Amino acid sequence: MTVSPHHDRLRKGRLARRVGSSAVVALSILVPYGCSSSDDSNPTRSTEAAVTTEPGDGTVVGPTTTGVPATAPDTAPVADIVKEPVAPGTPAPLGAGVSVVLVDSENLDVEARVPGETAGPAVAATLEVRNDSSEPFDLSSLAVTATYGDGTPAIGNDSEPARALTGTVKAGASAKGVYVFRAPVKAADTVIVEVQSADRPNVVRFRVV
């Protein structure tokens, strides 16, 4: 069949329009709507930057943190083993190679020199701390108190000859201190001196007579 030139031109025009439409559809499939060549506006690139994966695993993981968790600081042990009272001259162990001895005591009258003190009869106790451990011992960790009668607290006094233990005691050495406590004359023979340390487990006690 012979095709006229007019019909041939119409057929070629329709074919060209079909090819153009197919190209537009294919291009629409390959290029997402609204996609830009800018890195900042590429949603695929932004999503990939927001997560991390374990190599070869494919599991999405969150951000990691570094540093050592804060821990709570450490506290010194508290003396909690109360020993029976011992006589003067008898060593009493505070623990870990440190011991205390009541080497002397005397009755005297004292004055009130600072607020909180009272004047009157008192007992002066001389204590010796012996350090048979391999490390220096901190004397500032000591607390020295006293009671009399049925356990009434005795008020401390800084009058002469009071001289509290201070500083440290080297390994193999000893140190002496004097502690003065107010106590009624009639109760002087009931005074109990008590020594404890924040660094040792024992509370040691001494009878003054």
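Nothing in this text is a laboratory measurement; each read-out follows from the coordinates by a stated rule. Nothing here was measured: the structure is a model prediction, and the numbers come from that model. Quick reminder, even Gly has a Cβ in these numbers, built from the backbone with ideal geometry, and neighbours come from all protein chains shown.
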Given labels modelled 7 Å from the Cα in the Cβ direction, how far is it in nm from residue 113 to residue 173?
2.5 nm
Kirkwood Rh in Å, taken over the stretch 81-207 so that all alpha-carbon pairs contribute
14.7 Å
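If you filter the stretch 91-195 for GluC sites (Glu not before Pro), then keep DSSP loop positions with at most 13 other Cβ within 10 Å, what is left?
Numbers: sites: 106, 111, 117, 128, 194; in loops: 111, 117.
Here the sparse-neighbourhood loop sites are 111.
Mind checking the full-extension length gain between residue 209 and residue 160? Use 0.36 nm per residue of separation minus the Cα-Cα distance, one decimal, nm.
Details: separation 49, 0.36 × 49 = 17.64 nm, distance 2.07 nm.
Length gained between residue 209 and residue 160: 15.6 nm.
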For the pair residue 143/residue 81, report the inter-label distance in nm, with labels modelled 7 Å from Cα in the Cβ direction.
1.9 nm
Enumerate the residues in the stretch 160-181 having an amide nitrogen under 18 Å from the point lying 7 Å beyond the Cα of residue 133 toward its Cβ.
165-176
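What net charge do the residues around residue 207 carry, taking every other residue with its C-beta under 14 Å from that of residue 207, with Lys and Arg at +1 and Asp and Glu at -1? Can you show the working numbers first?
Working: positive: 83, 205; negative: 84, 104, 189, 194.
Net charge in that neighbourhood comes out at -2.
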